[in-house]
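Structure, as C-alpha cells:
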Amino acid sequence: MANITQALFITGAIILLFYVATLLLIFSDLWAGVRKAKQRNEMRTSEAYKRTIEKINKYFNMMLALTVVDAIQIALVCFMRYMYGYDIPMLPVFTFLGTCYVAFVEVTSIMEPSDVKEKKQQDDFKRLVVKMIRDDRAFRAAIADIIEGSKQ
C-alpha cells in the first residue's frame, strides 16, 4: 500500500508540473506579445491582457477535464495493482497530451514574426471595409458621389 501512495504522490507532482508548464507557456507568449508590440510601437491595451486571462481560463478548463480523465485512468491502474498485482505505470497521459497541445500553440505564437500580426490586422481592416461597402447603402452612395464628383 505504501508503494501505491508513493506512486500517487509522484503522479500528483507530475500533474502539478504540467500545470506549471502550461502557465509558464502562457506567460511566455504574453511576454513575447508585449515585446513585439513595443517593436511595432503599438500601445499595449487592457484588451490584450484580457485575452490572456481568457486564454488561461480556456486552457485550464481543458486541463482540468483531461486531469479528471487521468484520475479515472489512474484509479483503474491502482485497482489493477492492488487487486491483481499488475505493475502498470501511473502516468497522467491525457494531461501530458493537453500540455503538449498548449505548448505547440504557444510556441507557434511566440515564434510568429511580429510583421505577420501587422499583416493580419491590415487584412482584417480590408475585410471590414469591403463588408461596409457591401452592406451599407449610405456608404455606397457616398462613395458613388465621390467618384462622380472626381469625374467632373
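Miscellaneous remarks
- Screening Gly98 on (1) within 21 Å of the chain's Cα centre (by Cα); (2) exposed (fewer than 12 other Cβ atoms within 10 Å of the Cβ); (3) at pLDDT 85 or above shows it passes everything except condition (2).
- Among the residues of this structure, Met63 counts as one that is of a type in the set (A, V, I, L, M, F, W, C), free of Cβ contacts under 8 Å to residues at least 60 places away in the same chain and farther than 14 Å from Ser109 by Cβ.
- Every residue from the range 12-47 that is touching a residue at least 24 places away in the same chain (Cβ under 8 Å), in a loop (DSSP other than H, G, I, E, B) and not basic (Lys, Arg): none
- Taking the criterion of being loosely packed, with under 11 Cβ neighbours inside 10 Å, among the charged types (D, E, K, R) and more than 30 Å from Leu16 (Cβ to Cβ), the only residue of the range 36-62 that qualifies is Glu47.
- Residue under evaluation Ile56, criteria (1) touching a helix residue (DSSP H, G or I) at 6+ places or on another chain (Cβ under 7 Å); (2) part of a helix (DSSP H, G or I); (3) at pLDDT below 85, criterion not met: (3)
- When Asn61 is tested against (1) of a type outside the set (A, V, I, L, M, F, W, C); (2) within 15 Å of Leu25 (Cα to Cα); (3) modelled with pLDDT of 85 or more, just one condition goes unmet, and that condition is (2).
- Cross-chain or 6+ apart pairs with Cβ under 6 Å, the range 92-113 first and in the same structural domain as Ala21 (by TED's automatic domain parsing) and assigned to a helix (DSSP H, G or I), then among the β-branched types (Val, Ile, Thr) and surrounded by fewer than 17 Cβ atoms within 10 Å (Cβ to Cβ): Phe94/Val69
The values are calculated or read from the model by the stated rules, or taken from the named source; none is laboratory data. These numbers were taken from a predicted model, which means no experiment stands behind them. So basically every Cβ, Gly included, is an ideal-geometry build from the backbone, and we count neighbours across all protein chains shown.
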